[in-house]
Amino acid sequence: MMALALQWQLQLPLPLPLQARPPARAAARRRQRGLLAPARRVPPLRARCCAGEAAAADAGKAQAAARRAYPYDEIEPRWQRHWEEHRTFRTPDIGEGLDTSKPKCYILDMFPYPSGAGLHVGHPLGYTATDILSRFKRMKGFNVLHPMGWDAFGLPAEQYAIETGTHPKITTERNIERFRTQLKSLGFSYDWDREISTTEPAYYKWTQWIFLQLLKRGLAYQAEVPVNWCPALGTVLANEEVVDGVSERGGYPVIRKPMRQWMLRITSYADRLLEDLNDLDWPESIKEMQRNWIGRSKGAELVFSAVDKEGHDLGATLLVYTTRPDTIFGATYLVVAPEHVLLSSLASEQQRAHVEEYRELAARKSELERTDLQKEKTGVFSGSYAKNPATGEIIPIWVADYVLGSYGTGAIMAVPAHDSRDHEFAVKYELPIIKVVSPPNGSCDPAEAYADDGIMINSSSTSSGLDINGMLSQDAAKKVIAWVESNGFGKKKVNYKLRDWLFARQRYWGEPFPVSYLDDTNEMVPLSEDELPLTLPELDDFTPTGTGEPPLTKATNWVRTTEPLSGKPARRETSTMPQWAGSCWYYLRFMDPKNSNILVDKAKERYWGPVDIYVGGAEHSVLHLLYARFWHKVLYDMGVVSTKEPFKCLINQGLILGEVEYTAYRDSEGRWVSADSDSSLIDLYQEKVPADKVTKVGDHYVLRDDPNVRLNARAYKMSKSRGNVINPDDVVSEYGADSLRLYEMFMGPLRDSKTWSTGGIEGVHRFLGRTWRLIVGPPLPGGSYNDGTTTTEDEPTLDQLRVLHKCIAKVTEEINETRFNTAISAMMEFVNAAYKWETQPKSVTESFVLLLSPFAPHLAEELWFRLGHPQSLAYEQFPEVTMKYMLLQHIIPCC
């Protein structure tokens, strides 16, 4: 049956050998009811010739009509108007009619950023999934909260405004309107009464309020930190926004420079952020990414004294963090980060120029680029040395960018025999390599670093009194830690890769910080809560200043203020909050979006929290989710929220890639070269081949006219630069919203990446057309349809009930497991079976329409109305399976 269902995707209806040919009388009855095409009567030759011109003239109309498998262009706008006028999907507030005795389900899409380009067909993938779940849960008796809003502050809007001279507020409002229109055209069942935008003062009042609470608790502070500064964009960029030393947006050069910035002490919550991951129903890969980002490790902080070449004390000490204190006897050099605070004093006169040059080069690289394991290691000798406390040996201090000033102490002890990065560096610069750990089995590659535990060798010193030879690595580490603590050379230490959150941007389009600075003392004074919101001033010139000063410095009347308590003159903070700020807590505001007195009502939060199902892209797996979890835990400690975590279940949808592109190769003389030839394809000319000139042979694609020429076939991520973006507006216009929704779910498992195919959506569209004709009947000569349906009041047969309940069971199970593609296959099987029935009992048809409704809601609503129901089906009970019908054997009629 699965094979039959899949046939509808590509070639509907099925060829007759795969379905029973109906007897003549039955066929006549079915034609009368519209289940078969009218019998074809072959006209005489002359009539056929005379009809030829008319057929040719109507060819274009016929082709268009063939694609319009049912009147979606009439149905979909009608039901979208109905839902909007009746506020069908509005969720009442507690105290305003919400029955809190019913179970709740809070289903949320990740906050979209409303870009000027609008949606492409990849965006509705996750939105359709959450809509199916929301509609399903409503029909299962749940109170459903399914809202939508806009993460609308941020750099892209500001950059676009700078490029076009249009204020970001104007472009943002225009983009939101476009997104809203597109989402409504797809029939998503959002509660639009709860719509919010991070740019609204009524919203960011509470973002500012949360910042003040962080400030009160010592979780917000200012510090001089090295940042990714982009002069062209005039702002600080996150590490993820810098690629190969340039900004991800625009490709502008980025340098590292120290700036005074607002920071949030997320590290204070590192342990809780790590431990509470275990209780979340999230993909294990996402949880592992967060664990790695937090990067909790146990080790030791060791003290190395800086000396000159002769061993004379330079009066400075270097703190070094290591996870392998057992390898201290193998430390043959130290490495400090280029931004280390002591580097200027450590650089000798002979090496100072080299060190400064290297620092400048390192400042142009992002942290991600510097820590790339595949990158060739570079460094420069500082001119100073340090004394290894365990051996008493004098070892050199090097500067290298693979060590980060933001991790640990910004300095490491290098053990090249047992660390691959240190080994690569030592080999390149001919530094000593001393093996101090032997594998338990005694064998390892001497040309590579051995990084695992083992038995200690070459690890004793009579001068220091430390001897760990023959000990296992873990026992040796404990002994070294005890020795350094008793001798003043260090201490046990737990460290984290996680850094405090840099929480400021030097740009205009963001939330203002609710603080000011007194002119006479420069003391920072927070605004009182009753002064919120501090609104963003209107500014005509929001271009970067070029000096590092934020654009808000140009709003002189806004910057100059008076501190209300003291009456002293003051100036406002001119940096703004990052885009992450507004998206850290928006899920709470959806619970109570109109409350002007508190962030969220306690009773509403207790009922709706946490978010039950959160759907979005894996690209937000670390930063957004980690920041939101951090803020939520702070609010939990304050008693604002009642749960420890904001998002109970996380689902990452896959990408939708553009249509497959076929590439052929020619040599310098224009001859075809097969993609599997021994020739280097890099030196050949590439040529895109249209899909109609390609055929598939086995697992490969070849030229239709020359099957010996194999092609490269690949689907790429949709982007304007590649010209492979599919606009959902065009798809809705040609096939309807229900076809787009159904196709995106039918393409494959929700979590997998998939390739767009126009041929695929045509097949799904035909399936919906067949469903329409099965229930409504064939079109009338003018193209319209009869009112009502072709269903009967007959009692369903046992076989019909068996087919129906098999479908109910499968669809219910697959929706619960978010396997929407196989749920659609089950409905296709049902339609295949129903086309063979003599009658279509109304009770069976009604149940099937309810099954279809979460996937194709417009079509289902129209069919439900035609079946005699004046009310929307949105809150009808979802069909329940009756097991006794499932146990029936398939009934095969006698010949």
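Taking residue 208, is it of a type in the set (S, T, N, Q) and touching a His at 6+ places or on another chain (Cβ under 9 Å)?
It is false that residue 208 is of a type in the set (S, T, N, Q) and touching a His at 6+ places or on another chain (Cβ under 9 Å).
Would you please list the contacts, defined by Cβ atoms under 7 Å and residues six or more apart or on different chains, that run from a residue in segment 605-626 that is closer than 18 Å to residue 281 by Cβ to a residue that is among the charged types (D, E, K, R) and not in a helix (DSSP H, G or I)?
Sorted first by the residue in segment 605-626, then by its partner, the pairs are 608/104; 610/645; 610/648; 611/648; 612/648; 615/109; 616/109.
Any idea which of 437, 415 is hydrophobic (A, V, I, L, M, F, W, C), within 42 Å of the chain's Cα centre (by Cα) and modelled with pLDDT of 95 or more?
Step by step, each of 437, 415 is checked, and only 415 is hydrophobic (A, V, I, L, M, F, W, C), within 42 Å of the chain's Cα centre (by Cα) and modelled with pLDDT of 95 or more.
Would you tally the residues in segment 570-603 being open to solvent by less than 30 Å² (accessible area, probe 1.4 Å) and either charged (D, E, K, R) or within 27 Å of residue 524 (Cβ to Cβ) (or both)?
Number satisfying all stated conditions: 15.
Mind telling me which of the residues 795, 813 ends up being in a helix (DSSP H, G or I) and either touching a Pro at 6+ places or on another chain (Cβ under 9 Å) or open to solvent by 30 Å² or more (accessible area, probe 1.4 Å) (or both)? Please lay out each step first, then the result.
On the way: 795 fails: in a helix (DSSP H, G or I).
Exactly one residue qualifies, and that residue is 813.
Could you check segment 539-578 and list, in sequence order, the residues that are closer than 24 Å to residue 163 by Cβ, of a type outside the set (A, V, I, L, M, F, W, C) and out of contact with any helix residue (DSSP H, G or I) (no Cβ under 8 Å at 6 or more places or on another chain)?
540, 546, 547, 548, 549, 550, 551, 554, 578
With the checklist (1) of a type in the set (Gly, Ala, Ser); (2) in contact (Cβ under 8 Å) with a residue 40 or more places away in the chain; (3) at positive phi; (4) exposed (fewer than 15 other Cβ atoms within 10 Å of the Cβ) in hand, flag the one item residue 698 doesn't pass.
Every listed condition holds for residue 698 apart from (2).
Residues of segment 236-258 being open to solvent by less than 50 Å² (accessible area, probe 1.4 Å) and either of a type outside the set (Val, Ile, Thr) or under 24 Å from the mean Cα position of the chain (by Cα) (or both), which ones? Spell out how you get there, then give the answer.
Taking segment 236-258 first, the residues open to solvent by less than 50 Å² (accessible area, probe 1.4 Å) are 236-239, 242, 245-247, 251, 254, 256.
Of everything in segment 236-258, those that are open to solvent by less than 50 Å² (accessible area, probe 1.4 Å) and either of a type outside the set (Val, Ile, Thr) or under 24 Å from the mean Cα position of the chain (by Cα) (or both) turn out to be 236, 237, 238, 239, 242, 245, 246, 247, 251, 256.
Looking only at segment 540-560, count every residue that is more than 23 Å from residue 258 (Cβ to Cβ) and surrounded by fewer than 16 Cβ atoms within 10 Å (Cβ to Cβ) and tell me the total.
Summing the residues that are more than 23 Å from residue 258 (Cβ to Cβ) and surrounded by fewer than 16 Cβ atoms within 10 Å (Cβ to Cβ) in segment 540-560 gives 6.
So that you can scan it fast, the table gives a plain yes or no per residue for (1) closer than 17 Å to residue 811 by Cβ; (2) open to solvent by 10 Å² or more (accessible area, probe 1.4 Å); (3) not in a helix (DSSP H, G or I):
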site	(1), (2), (3)
108	no, no, yes
113	no, yes, yes
120	no, yes, yes
131	yes, no, no
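Which ones in segment 521-536 are open to solvent by 50 Å² or more (accessible area, probe 1.4 Å) and touching a strand residue (DSSP E or B) at 6+ places or on another chain (Cβ under 8 Å)?
Correct list: 523, 524, 526, 535.
Residues are listed down the side, and each one gets a yes or a no for (1) free of Cβ contacts under 8 Å to residues at least 40 places away in the same chain; (2) farther than 30 Å from residue 643 by Cα:
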| residue | (1), (2) |
| --- | --- |
| 186 | no, yes |
| 218 | no, no |
| 232 | no, yes |
| 244 | no, yes |
| 255 | no, yes |
| 271 | yes, no |
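For residue 607, all conditions in the list (1) open to solvent by less than 30 Å² (accessible area, probe 1.4 Å); (2) outside any loop (DSSP other than H, G, I, E, B) hold save one; what is the number of the exception?
The number of the failed condition is (1).
Take the residues in segment 618-634 that are in a helix (DSSP H, G or I) and modelled with pLDDT under 95; name whichever of them is surrounded by the fewest Cβ atoms within 10 Å (Cβ to Cβ).
Ranking the qualifying residues of segment 618-634, first place goes to 619.
If residue 784 passes every condition in (1) of a type in the set (Ser, Thr, Tyr); (2) part of a helix (DSSP H, G or I); (3) surrounded by fewer than 17 Cβ atoms within 10 Å (Cβ to Cβ) but one, which one does it miss?
(2)
Do we find a residue being farther than 25 Å from residue 546 by Cα, touching a Phe, Trp or Tyr at 6+ places or on another chain (Cβ under 6 Å) and at pLDDT 95 or above anywhere in segment 202-213?
Residues of segment 202-213 farther than 25 Å from residue 546 by Cα: 202-213.
Checking which are touching a Phe, Trp or Tyr at 6+ places or on another chain (Cβ under 6 Å) leaves us with none.
No, that holds for no residue.
For segment 868-890: of the residues being part of a helix (DSSP H, G or I) and either of a type in the set (A, V, I, L, M) or free of Cβ contacts under 8 Å to residues at least 24 places away in the same chain (or both), which is least open to solvent (accessible area, probe 1.4 Å)?
886
Going by what's in this entry, would residue 754 be described as in contact with a strand residue (DSSP E or B) (Cβ under 7 Å, 6 or more places away or on another chain), open to solvent by 20 Å² or more (accessible area, probe 1.4 Å) and either closer than 30 Å to residue 125 by Cβ or at pLDDT below 90 (or both)? Quick ask: steps written out before the conclusion?
Values: in contact with a strand residue (DSSP E or B) (Cβ under 7 Å, 6 or more places away or on another chain): yes; open to solvent by 20 Å² or more (accessible area, probe 1.4 Å): no; either closer than 30 Å to residue 125 by Cβ or at pLDDT below 90 (or both): yes.
No.
Are any residues in segment 847-867 free of Cβ contacts under 8 Å to residues at least 60 places away in the same chain and either open to solvent by less than 20 Å² (accessible area, probe 1.4 Å) or more than 13 Å from residue 139 (Cβ to Cβ) (or both), and if so, which ones?
Matches in segment 847-867: 848, 851, 860, 864, 865.
Report every pair of residues separated by at least 6 positions or lying on different chains whose Cβ atoms are under 7 Å apart, first residue within segment 377-404 and more than 14 Å from residue 331 (Cβ to Cβ), second assigned to a loop (DSSP other than H, G, I, E, B) and of a type in the set (Phe, Trp, Tyr).
Partner pairs satisfying both residue conditions: 377/402.
The values are calculated or read from the model by the stated rules, or taken from the named source; none is laboratory data. Computed from a predicted model, the values in this text were never measured in an experiment. Glycine gets a Cβ as well: all are built from the backbone with ideal geometry, and neighbour counts include every protein chain shown. Accessible surface areas use protein heavy atoms only, side chains included; no ligands, DNA or RNA. Shrake-Rupley method; radii C 1.70, N 1.55, O 1.52, S 1.80 Å.
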